[in-house]
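Taking it in order: structure first as structure tokens, then the write-up.
The values are calculated or read from the model by the stated rules, or taken from the named source; none is laboratory data. Being a predicted model, the structure only gives us computed values, none of them experimental. Cβ placement follows ideal geometry from the backbone for every residue including glycine, while neighbour counts extend to all protein chains displayed.
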Amino acid sequence: MDKISVVIPVYNTGKYLAECLNSVLAQTFKDIEIICINDGSTDNSQEILESYAQKDSRIRIIKRKNSGVVATRNFGIKSAKYDLVFPLDSDDIIAENTLEKMYRHLQSGDGDIITCRVMMFGNETGELKLPKPTKRNMTIDNCLVSAALLRKSDFMACGGYSNDFKVALEDYDFWLNLIFNHNKKIYRIPEILFYYRIKEKNESRNWQHRPEHKAMVKQMHNKYPQMRKYIYLNTIIKIGNKIRRFLFRIQNNKIKIFKIPVYKINDDK
């Protein structure tokens, strides 16, 4: 059986780190190494990492000067001993059978990137509803979280996370690179196996609702010209939906075209 390298960048997440590590140590898939890269934390993260490493030899700590999440993830995955890697942020958690189920689907050939449904916790709760991760949907916005099982060899072939997006959306660019430049297939397990922490705004890196978000997505569209046919298709579908809504309406049990009633719907009571 293959082994999995779980790669966890850590930066000042001491108050969340124990939950994250506990969820990884509880995995039913036991053949793992846990690489924790302390990216220059100034809180108690290092002490927590050392206390866990003393209890479980699968934990490997790398301490380095603060370099940011892109450089730290790249460094951590390149340091992985095994060809299967699972990046995980140090404030998130996973279900105890996450790695086992993802490994099974990867081995079955269901995809090259194995993801799952996502539940939010923390400042917001409920399922994070993400569109199906098709190529067309991925041109609209990111349909994945940063945590997914993939091969290190695929990561190395595509060059890892790009410094062009070191401020935010580095995982979105990474997935686009894999699926458009390297023809990798995404498979989403139809189960909630990943838990995404929603934090206070002053702690969050989420750029989804910032003005810069659209500009960065446009930058990705320019970076991957293979996306253009899907962008055109999305535009046509949007226009078609607007035309359909304008031409065809149901109001007061009457079907109307150009606001002219053409058919009355009789309700059976």
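Would you confirm, using the coordinates I've provided, whether Asn74 is modelled with pLDDT of 95 or more and more than 24 Å from Trp175 (Cβ to Cβ)? No, not satisfied. Put simply, of Pro133, Pro190 the only residue that is touching a Cys at 6+ places or on another chain (Cβ under 9 Å), crowded, with 17+ Cβ neighbours inside 10 Å and assigned by TED's automatic domain parsing to the domain that holds Leu99 is Pro133. The listed residues are Leu21, Leu17, Leu49, Leu84, and the only one of them that is surrounded by 22 or more Cβ atoms within 10 Å (Cβ to Cβ) and within 24 Å of Ile186 (Cβ to Cβ) turns out to be Leu84. So if I check each of Asn22, Asn44, Asn12, which one is in the same structural domain as Asn97 (by TED's automatic domain parsing), of a type in the set (S, T, N, Q), closer than 22 Å to Ala95 by Cα and modelled with pLDDT of 95 or more? Result of the check over Asn22, Asn44, Asn12: Asn22. How many residues, within the range 135-189, are out of contact with any helix residue (DSSP H, G or I) (no Cβ under 9 Å at 6 or more places or on another chain) and not in a helix (DSSP H, G or I)? Looking only at that region, the number is 2.
Only one of the numbered conditions (1) under 30 Å from Leu233 (Cα atoms); (2) in a strand (DSSP E or B) is not met by Met119, and that is (1). Here Met102 fulfils each of the conditions (1) surrounded by fewer than 19 Cβ atoms within 10 Å (Cβ to Cβ); (2) over 15 Å from Ser153 (Cβ atoms); (3) not hydroxyl-bearing (Ser, Thr, Tyr) apart from (1). When Gly122, Gly160 are screened for being under 15 Å from Val70 (Cβ atoms) and surrounded by 15 or more Cβ atoms within 10 Å (Cβ to Cβ), only Gly160 passes.
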